Amino acid sequence: ADLSEAVLTDANLSEADLTDANLSGADLTRVDFTGANFSKANLSGAYDGDELVTEEQLSVAKSLAGATMPDGSIHT
């Protein structure tokens, strides 16, 4: 899915399969990531309010394997 630049404020993404999704630059303010699969997803530049989404916020996800993190690093 191409969700780049999407405004997903308050979305419930719990248990969502977002494998290979493009979420670059998306507004993920107050999003529920619990159990979501972000394997190989592109989260570069994804933000929560005025800050990039943190790895701590994403720690409730099911998988971040191979994902491009908001800071541009690749999750291993």
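The values are calculated or read from the model by the stated rules, or taken from the named source; none is laboratory data. Nothing here was measured: the structure is a model prediction, and the numbers come from that model. Every residue, glycine among them, receives a Cβ derived from its backbone with ideal geometry; neighbour counts consider all protein chains shown. We work out accessible area using only protein heavy atoms, side chains counted, and drop any ligands, DNA or RNA first. Shrake-Rupley method; radii C 1.70, N 1.55, O 1.52, S 1.80 Å.
Miscellaneous remarks
- Options 31, 41, 52, ranked by Cα towards positive dipole end of the chain, top entry (Cβ charges): 41
- Rounded to the nearest 5, the antiparallel percentage of DSSP beta bridges internal to the chain is 25%.
- Heavy-atom accessible area ranking, 1.4 Å probe, most first, across 32, 50: 50, 32
- Global form of region 29-76, assessed from the alpha-carbon gyration tensor, a/c cut-off 1.5: oblate
- Fraction of accessible area attributable to carbon and sulfur, the chain (%, probe 1.4 Å): 47
- Gyration tensor (alpha-carbon) shape descriptor, region 1-54, a/c threshold 1.5: oblate
- The chain - mean residue ellipticity at 222 nm from DSSP helices (-39,500 (n - 2.57) per run, n ≥ 4, rounded to 500): -500 deg cm²/dmol
- Protein heavy-atom accessible surface, 1.4 Å probe, per residue over the chain: 54 Å².
- Evaluated with a Cβ-only charge set (Lys, Arg +1; Asp, Glu -1), the chain carries a dipole of roughly 260 debye about its Cα centre, given to the nearest 20.
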